[in-house]
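J.: Structure provided below as structure tokens; questions to follow.
The values are calculated or read from the model by the stated rules, or taken from the named source; none is laboratory data. Source: prediction; values computed, not measured. Using ideal geometry, Cβ is built from the backbone for each residue, glycine included, and neighbour counts are taken over all protein chains shown. Note: accessible area is taken over every heavy atom of the protein model, side chains too, but ligands, DNA and RNA are not part of it. Shrake-Rupley method; radii C 1.70, N 1.55, O 1.52, S 1.80 Å.
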Amino acid sequence: MKTYTSRDVADILGMTVREVQVHGRAGYLSPDRGPGNRYRFSFQDLILLRTAKGLTRANLPPARIRSVLRKLRGELPRGRSLSEVRVGVAGDEIVVNEGGAAWSPESGQIVFDFAVADLAKSAAPFARRGVESARKADHARSADDWFDLGTELEATAPNEARDAYRRALELNPAHADAHVNLGRLLQEEGATQAAVEQYRAALETDARHATAAFNLGSALEALGRRREAIAAYQKAIAADPDFADAHYNLSRLYERSGKKQAAIRHLARYKALVDNR
């Protein structure tokens, strides 16, 4: 469910509608077509367009810009809010940094750098307008529609994103991804036990949902329930043996529990997975 029209994007980014439409046809965005066959863009498209604008001003050649944007599309985190992300280009490197840490590329001249949170703030009024339109057509929205809207709203309007996930679950209580995303938002606002309940509900629907198991582990760890957290991380790895962050968290918890060999084994697996990325 894409929220932003070409005019919205132009107003948010300080571009012309024609510039937006040219980018829409360039192949590195994924707009839908709305009423009148007009483009409808996602928040991820906004991030890519914001980057494109910065790279153009840095006088990078068009072929280089297209290459950067295609790579960036694959680097943006999935299944998590984008609001804490910084996007940068240093030399030939795409840098996507999460969690608010200082952005410091190891090499190369910084060509471009921006915080997604700043973009989200500008886009928020347009996103909320899209929510109102969705609510007016509530009867025509499926659970997947509300889920897609929730993912679209996380960076710009998290309260509305939570509402969208709840509406998805009202229509389909077995929507595992909606449980996971609602749980993550609850966990981020400090409602950790409520998040645990959402992750468990997701796993009841899909016992091999690796992200649900991993998030459950992180929530249980935050509650001081180390043994249960270890079991949850093990469940995440059973579903996805290449889940690097689960290996890392297991290594850390085993180290604290005095299980040195298990800690070393999972840390080695984490390093191997990260090195091969």
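J.: With a 1.4 Å probe and every protein chain kept in, tell me what percent of the accessible surface of region 116-265 is carbon plus sulfur.
T.: With neighbouring chains kept in place, the figure for region 116-265 is 47 percent.
J.: By how many nm would the segment from A117 to D240 grow when fully extended, if each residue of separation counts as 0.36 nm and the alpha-carbon distance is taken off?
T.: 41.2 nm
J.: Determine the gain in length on full extension of the stretch A191-I264; use 0.36 nm per residue of separation and subtract their C-alpha separation, reporting nm with one decimal.
T.: Gain on stretching A191 to I264: 23.0 nm.
J.: Just subtract the alpha-carbon distance of A272 and R256 from 0.36 nm times their residue separation and send over the number in nm, one decimal.
T.: That pair, A272 and R256, stretches by 3.6 nm at full extension.
J.: Excluding residues fewer than 8 places away in the same chain, name every one of the lysines whose C-alpha is closer than 27 Å to that of K71.
T.: K2, K53, K121, K271
J.: If I model a spin label as a point 7 Å beyond the Cα along the Cα-Cβ vector, how far apart are those points for R200 and E228 in nm?
T.: Taking the two extended label points, one gets 0.6 nm.
J.: If you average 1/r across every pair of different Cα atoms in region 216-266 and take the reciprocal, what Kirkwood value do you get, in Å?
T.: One decimal place: 10.5 Å for the Kirkwood radius.
J.: Quick one: which residues, 5 or more positions from T5 or on another chain, have an amide H under 5 Å from its amide H? H modelled 1.01 Å from N in the peptide plane, none for Pro or chain starts.
T.: HN-HN under 5 Å from T5: F41.
J.: Distance in nm between label sites at T16 and R208, each 7 Å beyond Cα in the beta-carbon direction?
T.: Placing both labels 7 Å along Cα→Cβ, they lie 5.3 nm apart.
J.: Restrict the search to region 180-263; then list the trypsin sites (Lys or Arg not before Pro) that DSSP places in a loop and that have at most 11 other Cβ atoms within 10 Å of their Cβ.
T.: In loop regions of region 180-263 (DSSP not H, G, I, E or B), there are no sparsely surrounded trypsin sites (Lys or Arg not before Pro).
J.: Please compute P(r) over all alpha-carbon pairs of region 160-222, binned at 10 Å starting from zero, and give each bin as a whole-number percent.
T.: 28, 57, 16, 0
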